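The values are calculated or read from the model by the stated rules, or taken from the named source; none is laboratory data. The model shown is predicted, which means the values in this text are computed figures rather than measured ones. Neighbour counts are summed over all protein chains in view; Cβ atoms, including those assigned to glycine, are modelled from backbone coordinates with ideal geometry. Protein only, heavy atoms only, side chains kept; ligands, DNA and RNA dropped before computing areas. Shrake-Rupley method; radii C 1.70, N 1.55, O 1.52, S 1.80 Å.
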Amino acid sequence: MPEDLVPRVALVSLNTRGIAPVGSRLAGRYAAIGRALDTGDADVASFQEVLTWWHLRLLARRMRSFRHVSFRPSPAGPAGGLVTFSRRPVSGTGYRGFGIPPGAPGISRAARLGASRKGALVTRLARPGLCVINTHLAANRDGDWSPGSRLRPLHQAQLAVLARIVRGAAAPAVVCGDFNVARDSSLFGGFVAGAGLADAFAGSCPATFRAEYLPPGATPHCIDFILTADGVSATAATVVFAGQQPLPGGPGYVSDHLGLRASLALAPRRSPRRGRVVPGAGS
């Protein structure tokens, strides 16, 4: 197939640091995020920590060119704090929570209940037929992803559910979001290999959680990812929102995370009847 006919999608993923709405300049930060994306060329924007209906309204009012907004409602706001905006038509949306992780030494019942509010939002684009899986795993404030980490059983349980979601996707898939799992950990390596995924950055992404928001002496890690499944490849990848932005009260970061952007190409699929190539076959 000629290169100019290969279906392509530009995707941005960002944890919006939606906590602490008082004192975090949340309204100004969300306005800056929405304004930058609305004037940009991304087709899809997947957000994490959009925790309330107010959060969602702040983004939506600035992103009017993204006519399709995908989330699962919950009493407080989007389930799991996950929302995906799209300029492309959407043919389906689903959400799956990770459930309560198994008990483990050092993990309180409150922490397990908090982890159960995490999950994955699956948005299928009508054209091309791409499943965008937006996720946010439980935080690891210990900064320890070693085999002996007290949080390892919790993350293993959540990654196992996420792998099943990826394998069950009804179309070529891309997985993005805040994994709260370090790229250089065996947890991440095992998940990527087991789920059959490839890192859009090929391991070259810098630390995505800003050192400025860590305790003194703590090491920042790459914990946010865009991962592609079979049938999807990343032709380019870069970080976005890396520097400070103009905000009310003075320049500042729009989030404690860097954003990620990838240009994705879908492999052509073949018609089961005639064996002809169908560009980005979808529903």
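Would you mind working out the magnitude of the charge dipole of the chain relative to its Cα centre, with +1 at each Lys and Arg C-beta and -1 at each Asp and Glu C-beta, to the nearest 20 Debye?
1060 debye
Running Debye on the stretch 80-134 with equal point scatterers at the Cα sites and no solvent, what base-10 log of I(q)/I(0) appears at q = 0.14, 0.29 Å⁻¹?
Normalising to I(0) and taking log10 leaves -0.48, -1.07.
Using θ = phi - 60° and the Karplus form 6.51 cos²θ - 1.76 cosθ + 1.60, what ³J(HN,Hα) does each residue of the stretch 239-245 get, whole Hz, x for Gly and Pro?
Here the 3J(HN,Hα) series is 8, 10, 6, 6, x, 6, 10 Hz.
Would you mind checking which residues have amide H under 5 Å from HIS221's amide H? H placed 1.01 Å from N; only 5 or more apart, or other chain.
Distant-sequence amide H within range of HIS221: THR208, PHE209.
Carbon-plus-sulfur fraction of the accessible area of the chain, 1.4 Å probe, in percent?
Taking all protein chains in place, the chain shows 54 percent carbon and sulfur surface.
Estimate the FRET efficiency between GLN156 and VAL239 by the formula 1/(1 + (r/R0)^6), using the beta-carbon distance for r and 30 Å for R0, to the nearest 0.05.
Plugging the Cβ-Cβ distance into 1/(1 + (r/R0)^6) gives 0.60.
Hey, what did the chain get for relative contact order, percent, Cα under 8 Å, at least 6 apart?
It comes to 21 percent, rounded to a whole number.
If you count the DSSP beta bridges with both ends in the stretch 101-201, what percent of them are antiparallel, to the nearest 5?
Antiparallel: roughly 50 percent of the beta bridges in the stretch 101-201.
Give me the Å³ per residue figure for the convex hull around the C-alpha atoms of the chain.
Normalising the Cα hull of the chain by residue number yields 133 Å³.
Considering Cα pairs under 8 angstrom that are at least six residues apart, work out the relative contact order of the stretch 15-96 and quote it in whole percent.
32 percent
For the stretch 43-54, in order, what is each residue's ³J(HN,Hα) by Karplus, 6.51 cos²θ - 1.76 cosθ + 1.60 with θ = phi - 60°, in whole Hz (x at glycine and Pro)?
Values per residue, Gly and Pro as x: 8, 9, 10, 9, 10, 10, 6, 8, 8, 9, 5, 5 Hz.
Sort 138-144, 56-62 for me by packing, meaning the mean count of neighbouring Cβ atoms within 10 Å per residue, highest on top.
56-62, 138-144
Show the residues, 5+ positions off or on another chain, whose built amide H is closer than 5 Å to the amide H of SER91.
ARG124, LEU125, ALA126
With n ≥ 4 as the cut-off for DSSP H runs, can you work out [θ] at 222 nm for the chain, using -39500 (n - 2.57) per run divided by the number of residues, rounded to the nearest 500?
-5500 deg cm²/dmol
Output ³J(HN,Hα) for the stretch 81-87: one whole-Hz value per residue in order, computed from phi by the Karplus curve 6.51 cos²θ - 1.76 cosθ + 1.60 with θ = phi - 60°, and x for Gly and Pro.
Those phi angles translate into x, 9, 9, 10, 9, 9, 8 Hz.
So how do 11-17, 87-93 stack up, highest first, on mean other-Cβ count within 10 Å?
11-17, 87-93
How many percent of DSSP beta bridges within the chain run antiparallel, rounded to 5?
Around 80 percent antiparallel, to the nearest 5.
Quick check on packing: order 167-179, 217-229 by the mean number of other C-beta atoms within 10 Å, highest mean leading.
167-179, 217-229
5 Å is the cut-off here: which amide hydrogens, built 1.01 Å from N in the peptide plane, fall below it relative to GLY252, excluding neighbours closer than 5 in sequence?
GLN245, LEU247
Gain in length, THR52 to ILE100, computed as 0.36 nm per residue apart minus the alpha-carbon separation, to one decimal in nm?
15.1 nm
Under a 1.4 Å probe, what is the accessible area of the chain per residue, stated in Å²?
Normalised by residue count, the accessible surface of the chain is 44 Å².
Using a Förster distance of 35 angstrom, determine the FRET efficiency expected from the C-beta separation of ARG167 and ARG109, and round it to 0.05.
0.70
How big is the gap, in Å, between the Cα center of the stretch 195-213 and the Cα center of the stretch 151-169?
Rounded to whole Å, the Cα centres lie 18 Å apart.
First measure r as the distance between the Cβ atoms of ARG64 and ALA267, then evaluate 1/(1 + (r/R0)^6) with R0 = 41 Å and state the FRET efficiency to the nearest 0.05.
Plugging the Cβ-Cβ distance into 1/(1 + (r/R0)^6) gives 0.80.
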